[in-house]
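Have a look at the structure below, then the notes.
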Amino acid sequence: MEVPAVLQELVVVLGVAVAVVLVLSHVRLPTIAGLIAAGALIGPGGLGLVRDAARITVLAEIGVVLLLFSIGLEFSLARLRRLWRVLLLGGGLQVGLTALGVLAGALALGVPPARGLFFGFLVALSSTAIVLRALTERHEVDAPHGRLIIGALIFQDLCVVPMMLAIPLLAGQRGGAGALLAVLVKATLLVVATAVLGRTVVPRFLKDVAATRRREVFILAVLGLCVGIAWVSALAGLSLALGAFLAGIALADGDYGHQALADVLPLRETLSSFFFISVGMLLDVRVLMERPLLVAALVLGVLVLKALVGAVSAMVMRFPPWVAVLAGLGLAQIGEFSFVLAHEGAAAGLLSADEQRLFITMSVLTMAVTPVALHFGPRLAAGAAHLKRLEALIGAHGPHHLEQSHSEALSNHYIIGGLGTAGKLVTRALRESQVPHVCIDLDPEVVTEARRRGESLYYGDITSAEILERAGIHRARALVLLLDDPVGAARAVSTARRLHASVPILVRVQRLGDIADLRERGASEVLAGELETALEAVSRVLKSTDLPEEVVVRLLETLRKDHPHGPESNGPPPPTLPPPPKGLPERTEYRH
């Protein structure tokens, strides 16, 4: 019996990918870097173990579609409306300044303006798949730099079609302007239609499907909606990825969005891995051997230019320097949609075959560097304090930022960092208990809305020593960090402990692995989402057994202490948070 060629290739791809990722994990390199390296090793430009990359590319495209679909499921329309400023201003600045920078460099080298602008289009796009996967793995999607990066990536995806339709104009062909207008109209209609379907037809359809109580039917229905809207998007001249993203948004606001996300995640993780392997297969080692200095210069030039543009764009939007540095690193690579533009540009005569090979090789190298750069990004961002003069020049603060006068009346108060779900609950409890407090957040929209409600919320970077001093850290009762950003939380703990050696610091994190680092930095109490959720489940189960309250409490304390990341895992715990002031309720309960 003859073994299908595609099966042999899959065995090679999966085997080598697992081996390379395991080897690189010992030097703490990200999984994505390992997958790209595995693709380069087995691809046509490497050992040639897989010569026909087309089959792998098909799986890779499906993986990208599922990746964007799952991201859309996490971005409801309400959440997307919060990103409009970041999307339009941040994304527009990043794309525009990058294209202009490349155009200026091309003109200086004697390249015609049309080709120079086309080169700018190629470099301006970043890799949605690689960056989103890296941010998701690091739990930084909701971090300030994560929101900036995602907003810019969405804007870039929206720019792909206009850029593609501008190619005939740049090549001196006719009909480009009319086609561009037609596709823009189609894109608008598709977005409106998707929003309407997401609020009317889709919820009813999924309700009928869920009523069958057959999970496999529900999964098929969800995948059918994803692929169907992506297909319609492609027919309209847009990208499959953008259509999948819109499909995810259509489901996100309904009652079945969370279940759809849970069902899609395993497929997404598997198939999106093929995308990173297929990117590595595009690497042409012969180009590296023939012109190593040119390739190195181009890669370094692109990374530096895009990182600087991304950082400056973030600071123009009044984000602090360390957020700007992380955002710049996240957007520094060239994206997968640039390969599509390069193919169309080569067909139109804007790019020679030799230039196309050089561009693809250089682009793959920028993609391979990105996961590593994001991994070491927090260390690079630590040097962002040297950008204080630039920060002051641009005015990197938002509305209602903390002034010195705000902190003069603050004493024996709580400083709350972050106004997410946990921050809102803590702030509400303190406000209703009439406990003095001040809350600081980096989202200007959240700050403005909260200030309208009369809350003590200010715009500021909680990791900044200046902001903490203005919030009265030296007179504070405690610092409570409820950030969605593990990097920011770690920086804030270090800064606060340096300013005030004895102030109690409570930190909420998502990953258990962050606990040890935060304790070393000086956190008094660390609440891990995984651990606290598990203990809450144990508590409810035990209470349902009618065990005495004291027995339940003792068992929970034992489990907490015996856990590898419990309070006794790193020696004696630091002092805990102080009790509430006398005369105030120790606990506030809310009922729906």
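To keep it simple, each residue is scored yes or no on (1) open to solvent by 10 Å² or more (accessible area, probe 1.4 Å); (2) at pLDDT 85 or above.
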position: T421; (1), (2): yes, no
position: V426; (1), (2): yes, no
position: A429; (1), (2): yes, no
position: Q434; (1), (2): yes, no
position: V438; (1), (2): no, yes
position: Y459; (1), (2): no, no
position: I467; (1), (2): yes, no
position: R470; (1), (2): yes, no
position: A476; (1), (2): yes, yes
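Screening R521 with (1) open to solvent by 70 Å² or more (accessible area, probe 1.4 Å); (2) in contact with a His (Cβ under 9 Å, 6 or more places away or on another chain); (3) modelled with pLDDT of 80 or more gives one miss only, at (2). Scanning the stretch 266-295 for residues that are among the polar types (S, T, N, Q) and closer than 28 Å to A143 by Cα, we see that the one that is modelled with the highest pLDDT is S273. Inside the stretch 124-153, can you point out the residues that are under 15 Å from G91 (Cβ atoms) and either open to solvent by 20 Å² or more (accessible area, probe 1.4 Å) or of a type in the set (K, R) (or both)? Across the stretch 124-153, the qualifying residue is only R147. Taking each residue of the stretch 297-308 that is over 14 Å from A124 (Cβ atoms) and looking for partners that are among the aromatic types (F, W, Y) with beta-carbon atoms closer than 9 Å, six or more apart or interchain, yields L298/F359. Within the bounds of the stretch 67-77, is there any residue that is in contact with a helix residue (DSSP H, G or I) (Cβ under 7 Å, 6 or more places away or on another chain), closer than 18 Å to L158 by Cβ, open to solvent by 10 Å² or more (accessible area, probe 1.4 Å) and modelled with pLDDT under 70? Yes, the stretch 67-77 has at least one match. For the stretch 226-249, the set of residues classified as of a type in the set (A, V, I, L, M), surrounded by 22 or more Cβ atoms within 10 Å (Cβ to Cβ) and part of a helix (DSSP H, G or I) consists of I229, A230, A241, L242, A244, L246, A247, I249, listed by residue number.
Within the stretch 154-175, identify whether any single residue is open to solvent by less than 50 Å² (accessible area, probe 1.4 Å) and over 28 Å from G349 (Cα atoms), and answer yes or no. Yes, the stretch 154-175 has at least one match. Number of residues in the stretch 478-490 that are assigned to a helix (DSSP H, G or I) and modelled with pLDDT of 85 or more equals 2. Against the conditions (1) open to solvent by 80 Å² or more (accessible area, probe 1.4 Å); (2) farther than 30 Å from H343 by Cα; (3) at pLDDT 80 or above, A193 satisfies every one except (1). Out of the residues in the stretch 333-353 meeting the condition of being in a loop (DSSP other than H, G, I, E, B) and of a type in the set (G, A, S), tell me which one is surrounded by the most Cβ atoms within 10 Å (Cβ to Cβ). Once the filter is applied, the top-ranked residue is G335.
For every residue, the table says whether it meets (1) modelled with pLDDT of 75 or more; (2) open to solvent by less than 40 Å² (accessible area, probe 1.4 Å); (3) among the acidic types (D, E).
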| site | (1), (2), (3) |
| --- | --- |
| A297 | yes, no, no |
| L300 | yes, no, no |
| R318 | yes, no, no |
| A327 | yes, yes, no |
| L331 | yes, yes, no |
| M362 | yes, yes, no |
| T366 | yes, yes, no |
| T370 | yes, yes, no |
| L393 | no, no, no |
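When R554 is tested against (1) modelled with pLDDT of 80 or more; (2) open to solvent by less than 70 Å² (accessible area, probe 1.4 Å); (3) in a helix (DSSP H, G or I), only condition (2) is not met. Restricting attention to the stretch 28-45, and to residues there that are modelled with pLDDT under 75 and more than 30 Å from A234 (Cα to Cα), which single residue is surrounded by the fewest Cβ atoms within 10 Å (Cβ to Cβ)? The extreme case among them is R28. For the stretch 494-517, a tally of residues being out of contact with any Pro (no Cβ under 9 Å at 6 or more places or on another chain), open to solvent by less than 30 Å² (accessible area, probe 1.4 Å) and closer than 21 Å to T421 by Cβ returns 3.
Residue pairs whose Cβ atoms lie under 9 Å apart, sitting 6 or more positions apart in sequence or on different chains, and linking a residue in the stretch 183-205 that is touching a residue at least 24 places away in the same chain (Cβ under 8 Å) to a partner that is loosely packed, with under 13 Cβ neighbours inside 10 Å and not in a helix (DSSP H, G or I), are P203/D255.
The values are calculated or read from the model by the stated rules, or taken from the named source; none is laboratory data. Note that the structure is a prediction, hence the values are computed from the model and not measured. As a convention, Cβ positions derive from the backbone with ideal geometry for all residues, glycine included, and neighbour counts pool all protein chains shown. Surface areas here come from the heavy atoms of the whole protein model, side chains and all, with no ligands, DNA or RNA. Shrake-Rupley method; radii C 1.70, N 1.55, O 1.52, S 1.80 Å.
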